[in-house]
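A.B. asks: Below: one structure in structure tokens.
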Amino acid sequence: MSLARHSRIFSHSSSHTSPSRRTLLRGGLAFGVAATGTVLATGSALATGRGNGAPAVADVPGAEWIPANSANFTAADRPTEYPVEFVVIHVTQGSYAGTVQHFQNASAQVSAHYVVRSEDGHVAQMVHDKDVAWHAGNWDYNTRSIGIEHEGFIDDAAWFTDAMYRSSAAVTAAVCDAYGIPKNRERIIAHSEVPGADHTDPGPHWDWDRYIGLVNGG
């Protein structure tokens with residue numbers, strides 16, 4: 001299988017309308033957490049799904065398990081097969097629902113581990129942490145990272161709600177605790193910071209100081 005198949009390619013258009021078929025096929029995506037909007041406890045431990053034959057439940061307590069199509073990620077046994085060393089932050093350039101549907105489309109050839117909804121911080125997990133999601137546009141970073149998508153658009157800060165920041169930070173904190181990842185900007189990175197990336201997400205309106213503070217229990 002070519003490395004291109006493992007790459008996630010986004011089209012960061014500035015339109016705030018429902019994503020077009022072309023945008024979705026190039027990776028304009030979105031995610032979610034429990035419909036109750038419950039914020040995950042920062043620092044909570046990952047639960048299940050790290051080994052082969054993982055059960056159909058989310059790794060992070062409180063997340064909703066919505067599996068991506070198996071054609072859109074690489075089954076693996078992390079961290080035994082590959083170390084987990086980074087968390088990569090994305091913005092979908094589209095809706096939560098559109099992103100979930102796209103990851104379930106066998107022809108999409110793209111996925112991420114988690115999707116966070118703007119309105120209430122609902123988190124959906126679509127690829128188990130043990131498996132390699134195709135999100136970073138760099139195969140080496142795909143194998144060594146967890147990808148988190150955030151519903152919204154990079155040019156509109158209104159999408160980045162308090163609920164979204166808190167739920168996402170709780171997921172990141174849990175992942176960092178589980179795999180011994182330092183909770184800093186060297187290891188929690190933007191999609192735009194992945195070597196070779198030609199994308200700009202999460203963009204200038206993402207509040208990194210606030211986010212890293214929340215990841216660290218602030």
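Read the figures in this text as sums done on the coordinates, not as results from a lab. Note that the coordinates shown come from a computational prediction; the quantities given were computed from them, not determined experimentally. Note that each Cβ is placed from the backbone with ideal geometry, even for glycine, and that neighbours are counted across all protein chains shown.
A.B. asks: Taking the square root of 5 times each eigenvalue of the Cα gyration tensor, what semi-axes in Å does the equivalent ellipsoid of segment 87-129 have, largest first? Don't skip to the end; give the middle numbers.
C.D. replies: On the way: eigenvalues 52, 32, 19 Å².
Over the Cα atoms of segment 87-129, the ellipsoid semi-axes are 16, 13, 10 Å.
A.B. asks: Give me the one-decimal nm value for the distance between modelled label points at residue 156 and residue 70, 7 Å along each residue's Cα-to-Cβ direction.
C.D. replies: 3.8
A.B. asks: Starting at the first residue of segment 115-129, write each ³J(HN,Hα) from the Karplus equation 6.51 cos²θ - 1.76 cosθ + 1.60 with θ = phi - 60°, in whole Hz, x for Gly and Pro.
C.D. replies: Listing the rounded values in order: 10, 10, 7, 5, 4, 10, x, 4, 10, 10, 9, 10, 9, 5, 4 Hz.
A.B. asks: Give a residue-ordered list of calculated ³J(HN,Hα) values for segment 141-150 (Karplus: 6.51 cos²θ - 1.76 cosθ + 1.60, θ = phi - 60°; whole Hz; x for Gly, Pro).
C.D. replies: For segment 141-150, the Karplus curve yields 5, 4, 5, 10, 9, 10, x, 10, 8, 10 Hz.
A.B. asks: Provide the per-residue ³J(HN,Hα) series for segment 85-95, in order, calculated from phi with Karplus coefficients 6.51, -1.76, 1.60 and θ = phi - 60°, each as a whole number of Hz, with x at glycine and proline positions.
C.D. replies: Rounded to whole hertz, the list is 10, 9, 10, 10, 9, 10, 10, 6, 6, x, 8.
A.B. asks: Now, a different point. Across segment 78-218, how large is the tail of the calculated P(r) beyond 25 Å, expressed as a percent of all Cα pairs? Show your work: numbers first, answer last.
C.D. replies: Values: 1682 of 9870 pairs.
So the portion of pairs separated by more than 25 Å is 17 percent.
A.B. asks: Additional query: Where does the charge balance sit around residue 184 when Lys and Arg score +1, Asp and Glu -1, over other residues with C-beta under 15 Å from its C-beta? Display every interim value, and only then the final one.
C.D. replies: Numbers: positive: 183, 185, 187, 210; negative: 85, 177, 186, 193, 209.
Here the charged neighbours net out to -1.
A.B. asks: Give me, ordered by chain and number, the residues 5 or more places off residue 146 or on other chains with an amide H under 5 Å from its own placed amide H.
C.D. replies: 86, 87, 88
A.B. asks: So for the pair residue 80, residue 104, with labels modelled 7 Å out along Cα→Cβ, what separation do we get in nm?
C.D. replies: Taking the two extended label points, one gets 3.1 nm.
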